[in-house]
1. Assuming R0 = 22 Å, what is the FRET efficiency of GLN24 and PHE53, from their Cβ-Cβ distance, to the nearest 0.05?
2. For the range 7-59, which GluC sites (Glu not before Pro) are both in a DSSP coil and crowded by at most 15 other Cβ atoms within 10 Å?
Amino acid sequence: MAQNLPLNLARIKLIAGFPIAILQVRTVNLDELATAFPGKAKKESNYKRIQRFLRFFELSYALVADLVIKLLVVRHRNFDRLESPTLGGSNPPCFR
């Protein structure tokens, strides 16, 4: 993820850890989320870090779109040229 986002490592770790913490504590309460972040930092430090991130960081839609495009593996298949096996043509790879 770091090679796809032009952000510092601390922000990338927070962005990556946020959904994991939400799934672990099953709430969006920042006080509880702060307990689920890995590392040796105190709960209060994690709480303040989350607050600062949510208050000051603005993630642009262009950056999110660029990340999604980079992470998706898009395979282009030209289905217009496939011959149907029921019409007597050869079986295309997807029907084998």
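Quick note: the coordinates plus some simple rules give every number you see, no bench work behind them. Predicted model only: the values in this text are computed from it and were never measured. Note: ideal-geometry Cβ built from the backbone for every residue, glycine included; neighbour counts use all protein chains shown.
1. So the FRET efficiency works out to roughly 0.80.
2. GLU58
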